[in-house]
Amino acid sequence: MIQLGVNIDHVATVRQARGTRFPEVVAAAHAAVLGGADLITMHLREDRRHIQDRDLALVSEGIHVPINMEMAATDEMVAIACDLKPAHVCIVPEKREELTTEGGLDVRAHRDAVVAAIDKLRAAHVPVSLFVDPSEDSLLAANEVGADAVELHTGRYAAAKSPTQQMHEFQALRRAAISAHELGLRVHAGHGLDTFNVSRVAALPEIEELNIGFAIVGRALFIGLTAAVREMRDLILRARDIAVRPEDL
Ligand code: PXP
């Protein structure tokens, strides 16, 4: 089974541009659920540049699908997550100057903070996924610190400039998905996925969850959010159903 987490941060980005209450993030979450979102994904950044605490509270009260909360491994975020109890948390690296999450988490470099976050979240019964680059060492490190899942960073695959480069990045994702699964980690993936590049990744049988935001919210400007989610979901489910090798997609 594969699930689609719809990341609605960019709806908040539009709202924050004016500092108003419109467009309301919880309304976007409703529209995404109508289109078939299995999860709502929200990144509460330390600088609160898009999603606000109020958005998380409203979505967790008003929406019946699970929340995937993306966050940095800080005491503040861990406390919020332990209180809110989302379906799971995805720990991401955060740099204030970046436009979006630029690389995977360096688990070894941040081991103490990650272990402390996992311990507290586990005590609150919140499973933890780590957003990592698709490399063998990242997966071993994620396993060592006791993560429940990894979210494989698909950014390099999505940004590849040629078919050869894209296939090279895809093979790295494929190897990582298999290794993570063999280690007993659940496998998620996301970043930069769109209607053109999602199928191959969705066809990898180890992947249980894809988190997609920018492409869906951008497409929603033209066809509406519910239709944009439905379109992405149909592509993902079709890719998973087709019994061909993912590299042929
Ligand atoms: N997964 C993680 C961990 C992310 O940080 C992001 C971006 O917020 C996404 C998925 C979604 O990426 P995109 O908006 O490019 O689809």
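Any idea which of (1) touching a Leu at 6+ places or on another chain (Cβ under 7 Å); (2) in contact (Cβ under 8 Å) with a residue 60 or more places away in the chain is the one Y157 doesn't satisfy?
So Y157 meets the others, but not (2).
Specify which of the listed residues (D75, D83, D55, D47) is open to solvent by less than 20 Å² (accessible area, probe 1.4 Å) and of a type outside the set (A, V, I, L, M).
D55
Residues being within 12 Å of the ligand (Cβ to nearest atom) and open to solvent by 40 Å² or more (accessible area, probe 1.4 Å): count how many of those fall in the range 129-166.
The total comes to 2.
Based on what the data block shows, is A109 away from the ligand (no atom under 14 Å from the Cβ) and either closer than 29 Å to F170 by Cβ or more than 18 Å from the chain's Cα centre (by Cα) (or both)?
The answer is yes for A109.
Determine which single condition R219 fails, assuming it passes every other condition in (1) modelled with pLDDT under 95; (2) of a type outside the set (A, V, I, L, M); (3) open to solvent by 30 Å² or more (accessible area, probe 1.4 Å).
Of the numbered conditions (1) modelled with pLDDT under 95; (2) of a type outside the set (A, V, I, L, M); (3) open to solvent by 30 Å² or more (accessible area, probe 1.4 Å), the odd one out for R219 is (1).
Here's the yes/no breakdown for (1) more than 8 Å from the ligand (Cβ to nearest atom); (2) crowded, with 24+ Cβ neighbours inside 10 Å:
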position	(1), (2)
H168	yes, no
A172	yes, no
E182	yes, no
V187	yes, yes
A203	yes, no
E209	yes, no
I212	no, yes
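Could we say that F196 is among the hydrophobic types (A, V, I, L, M, F, W, C), surrounded by fewer than 18 Cβ atoms within 10 Å (Cβ to Cβ) and within 14 Å of the ligand (Cβ to nearest atom) here?
yes
Matching residues to (1) touching a residue at least 24 places away in the same chain (Cβ under 8 Å); (2) within 14 Å of the ligand (Cβ to nearest atom); (3) over 23 Å from V150 (Cα atoms):
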position	(1), (2), (3)
I40	yes, yes, no
G62	yes, no, yes
P93	yes, yes, no
L105	yes, yes, no
P127	yes, no, no
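Which condition number does H10 fail, the rest of (1) within 27 Å of V187 (Cα to Cα); (2) open to solvent by 30 Å² or more (accessible area, probe 1.4 Å); (3) part of a helix (DSSP H, G or I); (4) more than 15 Å from the ligand (Cβ to nearest atom) being met?
(4)
Among the strands (runs of 3 or more DSSP E) confined wholly to the range 24-111, which include 2 or more residues that are in contact with a Leu (Cβ under 7 Å, 6 or more places away or on another chain)?
Counting at least 2 such residues, we get 67-71, 88-91.
Please pick out the residue among A31, A37 that is touching a strand residue (DSSP E or B) at 6+ places or on another chain (Cβ under 7 Å) and either more than 18 Å from F131 (Cβ to Cβ) or at pLDDT 95 or above (or both).
Unique residue meeting the criteria: A37.
Pairs, please: C-beta under 8 Å, at least 6 apart or cross-chain, first residue in contact (Cβ under 8 Å) with a residue 12 or more places away in the chain and within 18 Å of L130 (Cβ to Cβ) and in the range 160-185, second in a loop (DSSP other than H, G, I, E, B) and among the hydrophobic types (A, V, I, L, M, F, W, C)?
L173/L204; A177/L204; L185/A147
Among the candidates R186, R174, which residue alone is basic (K, R) and touching an Asp or Glu at 6+ places or on another chain (Cβ under 6 Å)?
Just a single option satisfies the conditions, and that option is R186.
The values are calculated or read from the model by the stated rules, or taken from the named source; none is laboratory data. Worth saying up front: this structure is predicted, and the values here are computed from it rather than measured. Glycine also receives a Cβ, built like all others from the backbone with ideal geometry; neighbour counts cover every protein chain displayed. Surface accessibility is based on the protein's heavy atoms, side chains included, excluding ligands, DNA and RNA. Shrake-Rupley method; radii C 1.70, N 1.55, O 1.52, S 1.80 Å.
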